[in-house]
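The values are calculated or read from the model by the stated rules, or taken from the named source; none is laboratory data. This is a predicted model, so every value here is computed, not measured. Positions of Cβ are generated from backbone atoms using ideal geometry, with glycine treated the same way; all protein chains shown enter the neighbour counts.
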Amino acid sequence: MADTIRGKLTEAGNAISETAKKVGNRISEKAEEVKDWAKEKANKASNRADEATEKAENEAEAARQDEKAKEGNCGGS
């Protein structure tokens, strides 16, 4: 424990600096967690969009095939 004002100010400055460093580290950790969470959500959304696109394309192709089959049946009679 410091006996002089200068010593006490130094100790207080060191304590503030240490606390600020801890807070900064905690903020950095949380920012990294948020970034990872956002990346995961974006990937899931992208996957859902890709699945929806693929499903729509498959349905469109099936509809084209049905139309061709109907045209072939009507034209052959």
Fill in: Residue identified as among the basic types (K, R) and more than 34 Å from the chain's Cα centre (by Cα) among K35, K21, K44, K8
K8
Response to the item:
Residues of the stretch 1-29 being surrounded by fewer than 10 Cβ atoms within 10 Å (Cβ to Cβ), assigned to a helix (DSSP H, G or I) and among the aliphatic types (A, V, I, L, M), in sequence order, are I5
Worksheet item: Residues E54, E67, E32: which one is surrounded by 10 or more Cβ atoms within 10 Å (Cβ to Cβ), out of contact with any Leu (no Cβ under 7 Å at 6 or more places or on another chain), modelled with pLDDT under 95 and assigned to a helix (DSSP H, G or I)?
Response: E67
